[in-house]
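The block underneath contains the structure these notes are about, expressed in structure tokens.
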Amino acid sequence: MPTWLQKILSSSLGKKYITAITGLLLVLFLVAHLAGNLTIYADKDGSAFNSYAHLIESNPLLPLAEAGLLVLFLAHIGLAVRVTIENRRARRSRYAVANDKGKKTTSSATMIWTGLIVLGFLILHIWNFRIGKELAGESGDLYTLVKSELRQGWTPWAYVVGMGALGFHLWHALRSAFQTLGAAHPYLDEAWEKLRWLAVVLALGFASFPLYFLFYT
Amino acid sequence: MSESMHITLNVWRQKNAQEEGRLEAHACDVSPDMSFLEVLDVLNDKLVSEGKEAIAFEHDCREGICGSCSLVLNGQAHGPHKNTTTCQLHMRSFKSGDNITVEPFRAAAFPVLKDLVVDRSAFDRIQQSGGYVSVNTGSAPAANAVLVPKDDADSAMDAAQCIGCGACVAACPNASAMLFVSAKIAHLGLLPQGQPERKKRALAMVSAMDREGFGNCSNHFECGAACPKGISVANIARLNRDWLGAVLTEREERKDQGD
Ligand code: HEM
Ligand code: FES
């Protein structure tokens with residue numbers, strides 16, 4: 001490992017830098033993923049979604065992109081969990097009166113819990129579609145698979161809960177990450193305050209799919 | 001004198017660093033014009049006259065400039081007000097009948113020594129690791145020989161207001177010292193006199209901070225709200241920038257030195 005990377009990983013600031021960069025790259029992935037999924041709404045028979053899915057699956061670089069995503073998730077989760085454990089250790093004895101000065105939010109105080117719920121969601125999601133797709137083989141088209149999975153038992157509700165947690169996670173994350181990266185300035189801060197609404201857009205956008213399949217198809 | 005108030009103090013008592021502490025209730029009649037520390041003085045007089053041990057707490061200037069006083073009142077570092085140290089907090093900020101829980105700053109890096117006194121020498125060690133500038137001594141330099149842009153001077157002065165009290169650590173859910181360190185980085189790093197050691201300072205102070213066992217910054221921003229000197233969390237973003245720049249360019253510097 002080069003010394004600069006070692007230095008970054010052994011420092012509190014470095015760990016936060018990488019948590020923030022990996023987190024923001026994951027947000028970019030989510031934006032692209034949501035945009036692609038919106039083809040679900042293009043027609044009733046799912047042909048738009050299926051041809052979009054085919055476009056992605058036929059790209060020879062797909063395994064590389066999947067590996068990249070896996071690395072981003074593992075780095076983000078590993079560092080975030082480590083940072084959280086260190087933070088708990090830094091305050092071993094609790095105050096008898098729990099109080100604050102009104103700056104921390106539900107969203108900022110629950111990052112590890114919303115993160116872990118998102119992780120649970122991810123495992124279910126990959127089971128449903130990445131592994132489910134392999135099991136279905138060439139025969140089934142993806143739209144039919146998505147439709148049947150997202151109408152099955154508690155699955156759609158688990159998706160809605162997962163996306164609610166994602167919304168809370170990103171509401172703080174989108175504000176926090178730029179401060180971590182040092183990009184603070186009165187003008188920039190105004191922009192970040194607006195950008196954090198992307199958290200709401202992503203959460204509602206993704207949560208709309210299970211609700212759509214459950215109630216409108 | 002204005003009417004007296006009846007309050008109950010639940011004070012943290014702890015014999016020493018090893019033993020467990022507990023809260024101890026004391027009923028007090030106080031004047032609304034008393035400062036919070038004066039209430040503790042009066043209570044201590046009473047305890048001593050009863051042959052009991054006085055409550056240990058730290059104080060020095062009692063005018064909000066030395067950073068000695070600490071205390072967490074009802075879960076808030078330095079009490080409920082903005083930009084106010086405990087020594088400058090007056091009892092008129094409370095109501096008669098109030099219960100006030102008085103605790104020491106809590107952080108693994110600030111161990112409790114006795115009652116309300118914590119060991120804040122971790123801040124001294126961080127400061128010694130790089131919170132200084134080197135200057136030539138001798139005859140005084142000509143005034144204005146070094147030009148400082150007004151905006152930079154203002155921001156440096158704002159950061160220089162930090163009195164090192166540690167309320168940022170006490171208020172942070174992670175007991176992080178980022179606001180303190182960032183104030184020193186901004187105070188010195190914004191001025192021309194601080195440039196030669198700027199990179200070394202950022203690296204050394206962050207390493208020293210990590211060694212002391214403070215938490216990481218999660219950007220809750222509780223520190224800035226609790227700071228009695230109103231130090232801005234924008235300094236933390238500056239620290240983050242300065243530190244990354246120093247890490248990424250440090251090797252080149254060493255090469256220049258033939259290392
Ligand atoms: C799509 C998934 C995810 C995205 C887009 C995402 C994004 C982000 C971003 C942008 C940050 C801000 C970094 C900063 O504070 O500077 C963050 C923080 C955090 N993430 Fe995630 N995250 C995701 C999943 C997860 C998962 C699965 C975990 C599981 C443990 C997790 C745990 C955390 C924690 C604990 C923090 C706060 C770290 C701190 O206290 O400073 N995240 N996330
Ligand atoms: S006693 Fe000096 S700041 Fe409070």
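The values are calculated or read from the model by the stated rules, or taken from the named source; none is laboratory data. Since the structure is predicted, the reported quantities are computational estimates derived from the model, not experimental observations. Every residue, glycine as well, gets a Cβ built from its backbone with ideal geometry; the counts of neighbours run over all protein chains shown. Please note that ligands, DNA and RNA were not included when accessible areas were found on the heavy atoms of the full protein model with its side chains. Shrake-Rupley method; radii C 1.70, N 1.55, O 1.52, S 1.80 Å.
Brief remarks follow.
- Residue within the range B:223-237 that is of a type outside the set (Phe, Trp, Tyr), more than 10 Å from every other protein chain (Cβ to nearest Cβ), surrounded by fewer than 19 Cβ atoms within 10 Å (Cβ to Cβ) and free of Cβ contacts under 8 Å to residues at least 60 places away in the same chain present: no
- Exclusive hit being surrounded by fewer than 15 Cβ atoms within 10 Å (Cβ to Cβ) and either away from chain B (no Cβ under 14 Å) or without any contact (Cβ under 8 Å) to a residue 40 or more places away in the chain (or both), set A:Ile112, A:Ile117, A:Ile131: A:Ile131
- Of all residues in the range B:24-43, those that are assigned by TED's automatic domain parsing to the domain that holds B:Gly97 have Cβ atoms under 7 Å from Cβ atoms of residues that are at pLDDT 95 or above and of a type in the set (Gly, Ala, Ser), 6 or more apart or on another chain, in B:Phe36/B:Gly79.
- Count of the range B:211-259 residues which are at pLDDT below 95, among the acidic types (Asp, Glu) and in contact with a Lys or Arg (Cβ under 6 Å, 6 or more places away or on another chain): 0
- From the list A:Phe73, A:Phe49, the lone residue that is assigned to a helix (DSSP H, G or I) and either away from ligand 1 (no atom under 14 Å from the Cβ) or closer than 19 Å to B:Asn219 by Cα (or both) is A:Phe49.
- Among the numbered conditions (1) modelled with pLDDT of 95 or more; (2) under 27 Å from A:Ser47 (Cα atoms); (3) aliphatic (A, V, I, L, M), the only one that A:Val118 does not meet is (2).
- Scanning the range B:1-41 for residues that are assigned to a loop (DSSP other than H, G, I, E, B) and of a type in the set (D, E, K, R) turns up B:Glu3, B:Lys15, B:Glu19, B:Glu20, B:Asp33.
- Across the range B:73-90, the qualifying residues are those that are among the hydrophobic types (A, V, I, L, M, F, W, C) and either over 14 Å from the mean Cα position of the chain (by Cα) or within 14 Å of another protein chain (Cβ to nearest Cβ) (or both), and the one among them that is farthest from ligand 1 (Cβ to nearest atom) is B:Leu89.
Let's see how each residue does on (1) over 30 Å from B:Cys172 (Cβ atoms); (2) assigned to a helix (DSSP H, G or I); (3) away from ligand 1 (no atom under 13 Å from the Cβ); (4) not β-branched (Val, Ile, Thr):
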position: A:Leu25; (1), (2), (3), (4): no, yes, no, yes
position: A:Ile40; (1), (2), (3), (4): yes, yes, yes, no
position: A:Leu69; (1), (2), (3), (4): yes, yes, no, yes
position: A:Leu79; (1), (2), (3), (4): no, yes, no, yes
position: A:Thr84; (1), (2), (3), (4): no, yes, no, no
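- Single unsatisfied condition, B:Leu191 versus (1) open to solvent by 30 Å² or more (accessible area, probe 1.4 Å); (2) at the interface with chain A (Cβ under 10 Å from one of its Cβ atoms): (2)
- Test: residue in the range B:94-116 that is under 24 Å from B:Ala156 (Cα atoms), within 14 Å of chain A (Cβ to nearest Cβ) and of a type in the set (A, V, I, L, M, F, W, C): no
- Residue check, B:Thr84 in the same structural domain as B:Arg198 (by TED's automatic domain parsing) and in a loop (DSSP other than H, G, I, E, B): no
- Meets criteria (open to solvent by less than 40 Å² (accessible area, probe 1.4 Å), in contact (Cβ under 8 Å) with a residue 24 or more places away in the chain, closer than 29 Å to B:Glu250 by Cα and out of contact with any Lys or Arg (no Cβ under 8 Å at 6 or more places or on another chain)) for A:Ala80: yes
- So B:Pro173, is it open to solvent by 20 Å² or more (accessible area, probe 1.4 Å) and closer than 19 Å to B:Leu73 by Cα: yes
- Selection over the range A:139-187 of residues that are in contact with a Pro (Cβ under 7 Å, 6 or more places away or on another chain) and buried (at least 21 other Cβ atoms within 10 Å of the Cβ) gives a count of 1.
- So B:Ser155, is it touching a helix residue (DSSP H, G or I) at 6+ places or on another chain (Cβ under 9 Å), small (Gly, Ala, Ser) and open to solvent by less than 60 Å² (accessible area, probe 1.4 Å): yes
- Entry remark, the range B:58-72: residues being within 13 Å of ligand 2 (Cβ to nearest atom) and either within 14 Å of chain A (Cβ to nearest Cβ) or part of a strand (DSSP E or B) (or both) number 2 in total.
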